[in-house]
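Reading through the structure tokens given below for one structure.
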Amino acid sequence: MKDNTIEGAAFVMERVCCALFGFVTYGVHMTMYTEDGRIWVPRRAKTKQTWPGLLDNTVAGGIPHGLKPMESLIKECMEEASLPEEIAKNAKTVGCASYFYQTRKGWLQPEVEYVYDLRVPPPEVGSQYIPKPLDGEVESFELMTAQEVIQHMRSEEFKPNCAV
């Protein structure tokens, strides 16, 4: 790849088509938590085509062709949570999760998620660290304790790949 073009690539495929062919897709997932241990949890918009109304990682999204994982995370932070690059670039890489997801049609979708954590001050200290929906993919953000997050996971209120 050169300058975000497809130079040298045999072809580029839309992410939504990858499950049909069993191609691996890549994404980023970031958990933003406060110094006192609470976690910012978004509720996906009811208009989303996939998993409408479910809870999600603070910021998550597919890595588009031509972007590196951190570049994609910075883009997603702004689009989904109104978090500027100055804040997003402080996210720490904490690992990578690979798994297969079985679609409703029975196709196996291999996925790799680059996982990040971002520790921020509590909202009482700095409002610039409060995520706010921007692109319409997120309905709202709620600050939850770890126990509340676990309870919602057990109730299957989270998108399936958030509790991997």
Original post:
What are the residues in region 109-131 that are in a loop (DSSP other than H, G, I, E, B) and either at pLDDT below 90 or open to solvent by 30 Å² or more (accessible area, probe 1.4 Å) (or both), if any?
Top reply: PRO122, PRO123, GLU124, VAL125, GLY126, ILE130
Subject >> Per-region count, region 40-85, residues of a type outside the set (Lys, Arg), surrounded by fewer than 19 Cβ atoms within 10 Å (Cβ to Cβ) and under 15 Å from LYS132 (Cα atoms) >> reply: 6
Original post:
List, please: which pairs have Cβ atoms under 8 Å, are six or more places apart or on different chains, and start with a residue in region 10-39 that is closer than 21 Å to LEU73 by Cα and without any contact (Cβ under 8 Å) to a residue 24 or more places away in the chain and end with one that is in a loop (DSSP other than H, G, I, E, B) and open to solvent by 40 Å² or more (accessible area, probe 1.4 Å)?
Top reply: MET13/PHE23
Original post:
Can we say TYR101 is open to solvent by 30 Å² or more (accessible area, probe 1.4 Å), among the aromatic types (Phe, Trp, Tyr), in contact with an Asp or Glu (Cβ under 7 Å, 6 or more places away or on another chain) and assigned to a strand (DSSP E or B)?
Top reply: yes
**OP:** Looking only at region 132-156, count how many residues are surrounded by 12 or more Cβ atoms within 10 Å (Cβ to Cβ), part of a loop (DSSP other than H, G, I, E, B) and in contact (Cβ under 8 Å) with a residue 60 or more places away in the chain.
**Re:** 3
Original post:
So which of GLY106, GLY95, GLY37 ends up being loosely packed, with under 12 Cβ neighbours inside 10 Å, at positive phi and outside any loop (DSSP other than H, G, I, E, B)?
Top reply: GLY95
Original post:
Out of all the residues in region 13-28, is one or more modelled with pLDDT of 95 or more, among the polar types (S, T, N, Q) and surrounded by 12 or more Cβ atoms within 10 Å (Cβ to Cβ)?
Top reply: no
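The values are calculated or read from the model by the stated rules, or taken from the named source; none is laboratory data. Source: prediction; values computed, not measured. With ideal geometry, Cβ positions are generated from the backbone for all residues, glycine too; neighbour counts draw on all protein chains shown. What goes into the accessible areas is simple: the full protein's heavy atoms, side chains included, and nothing from ligands, DNA or RNA. Shrake-Rupley method; radii C 1.70, N 1.55, O 1.52, S 1.80 Å.
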